[in-house]
Amino acid sequence: MLTYKSYGNSEKPVLCLLPGAGLGAWAYNQVIPLITKNFYVIIPDVLSNFKTIDNAIYQLHELIAMEFKGKIKILAGLSLGSQIALALVAKYPAICDDLLLESCAAFPQSISKVIKPFTKLSYPLTRFNWFNKLQAMTLHLPPKMNRFYNQEVKKMSEQTLVNMLSANTAFDIQNLIPINFKGKAIIAYGTKEERLIIKSSKFLSKEFINSRIIPLKNYRHGELTLSHPDRFCQIINSFQN
């Protein structure tokens with residue numbers, strides 16, 4: 001069964017967090033002290049040996065069925081994590097009460113056709129600290145997370161990296177609709193993100209029965225989780241209202 005890290009009081013409602021490609025539980029280091037006041041937080045290890053999104057949702061469904069009686073309160077994903085969360089509720093609409101999708105790309109990207117050879121060529125560079133530092137800057141990670149990112153990438157296999165980036169860039173919402181999830185859904189995106197993310201967010205907001213879209217002014221990709229823990233927690237807590 002899929003392993004997971006947990007934080008807080010297990011008697012509280014369960015919040016499941018799914019990080020993006022190249023990230024780990026450490027991406028939520030600033031969030032966890034704030035959010036465990038109201039939630040029992042779990043961060044499943046879906047990415048360390050990632051194969052496909054279908055495989056990830058099979059593992060998550062099994063975990064939630066066995067550990068949490070088949071249902072949790074909130075599912076929240078970032079980037080690739082949001083695509084996994086979206087696919088999970090599309091297949092199992094009753095698996096959670098509420099859903100947060102952050103920086104979710106819902107349509108295939110043209111780079112998906114060349115991502116495999118490009119990743120294989122660049123993978124050897126991930127052994128070098130200077131390259132990972134540049135990548136961290138590209139991802140807009142706060143400087144204090146650089147060390148964690150460097151460690152995360154260095155322990156990742158070439159095939160896992162190829163699998164993650166291929167899944168992320170080839171993801172297509174058209175394979176999932178109609179989406180029959182009846183809980184509350186919040187779709188959040190940064191106004192400084194790529195056009196694809198903004199287009200995807202607006203599209204997704206129309207695919208849910210009960211949705212709210214939140215444009216985050218001047219935020220870039222993933223910055224809600226990574227750089228604005230107070231705002232992230234405010235949005236998560238809004239599901240309780």
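The values are calculated or read from the model by the stated rules, or taken from the named source; none is laboratory data. For clarity, every value in this text was computed on a predicted model and none was experimentally measured. For neighbour counting, all protein chains shown are included, and Cβ atoms are generated from backbone atoms with ideal geometry for every residue, glycine included.
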Problem set entry | strands (runs of 3 or more DSSP E) (entirely within region 1-109) containing at least 1 residues that are crowded, with 20+ Cβ neighbours inside 10 Å | 14-18, 40-44, 72-78, 96-102
Exercise. Would you say Ser211 is free of Cβ contacts under 8 Å to residues at least 24 places away in the same chain and crowded, with 16+ Cβ neighbours inside 10 Å?
Worked result: no
Problem set entry | Lone qualifier among Phe118, Phe148, Phe131 - being in contact with a Phe, Trp or Tyr (Cβ under 7 Å, 6 or more places away or on another chain) and hydrophobic (A, V, I, L, M, F, W, C) | Phe148
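Suppose we filter Lys120, Lys113 for residues that are modelled with pLDDT under 90, of a type outside the set (Val, Ile, Thr), farther than 23 Å from Thr36 by Cα and out of contact with any helix residue (DSSP H, G or I) (no Cβ under 7 Å at 6 or more places or on another chain); which single one remains?
Answer to the check: Lys113.
Quick check: anything in region 68-78 among the charged types (D, E, K, R), out of contact with any Leu (no Cβ under 7 Å at 6 or more places or on another chain) and closer than 19 Å to Lys5 by Cα?
Checking region 68-78: at least one residue is among the charged types (D, E, K, R), out of contact with any Leu (no Cβ under 7 Å at 6 or more places or on another chain) and closer than 19 Å to Lys5 by Cα.
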Seminar exercise, completed: Note on Ala185: of the conditions (1) surrounded by fewer than 20 Cβ atoms within 10 Å (Cβ to Cβ); (2) within 18 Å of the chain's Cα centre (by Cα); (3) not basic (Lys, Arg), unmet is (1)
Seminar exercise, completed: Out of (1) in contact (Cβ under 8 Å) with a residue 24 or more places away in the chain; (2) closer than 27 Å to Asn175 by Cβ; (3) not hydrophobic (A, V, I, L, M, F, W, C), the one Thr3 does not meet is (2)
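Would you say Met164 is in contact with a Phe, Trp or Tyr (Cβ under 6 Å, 6 or more places away or on another chain) and aliphatic (A, V, I, L, M)?
On the way: in contact with a Phe, Trp or Tyr (Cβ under 6 Å, 6 or more places away or on another chain): yes; aliphatic (A, V, I, L, M): yes.
The answer is yes for Met164.
Among the helices (runs of 4 or more DSSP H) lying completely within region 117-172, list those that include at least 1 residues that are buried (at least 19 other Cβ atoms within 10 Å of the Cβ), of a type outside the set (S, T, N, Q) and touching a residue at least 24 places away in the same chain (Cβ under 8 Å). Spell out the reasoning first.
On the way: elements: 129-138, 146-154, 158-170.
Per the criteria, 146-154, 158-170.
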Problem set entry | Filtered residues of region 5-24 (kept if farther than 17 Å from Leu99 by Cβ and in contact with a Phe, Trp or Tyr (Cβ under 9 Å, 6 or more places away or on another chain)) | Ser6, Tyr7, Gly8, Asn9, Ser10, Glu11, Lys12, Ala21, Gly22, Leu23, Gly24
Exercise. In region 195-241, which helices (runs of 4 or more DSSP H) lie fully inside it and hold 1 or more residues that are farther than 16 Å from Leu80 by Cα and in contact with a strand residue (DSSP E or B) (Cβ under 8 Å, 6 or more places away or on another chain)?
Worked result: 195-205, 229-238
Problem set entry | Cβ-Cβ under 9 Å pairs, at least 6 apart or on other chains, region 56-70 side without any contact (Cβ under 8 Å) to a residue 24 or more places away in the chain, far side in a loop (DSSP other than H, G, I, E, B) and surrounded by 20 or more Cβ atoms within 10 Å (Cβ to Cβ) | Ala65/Ile95
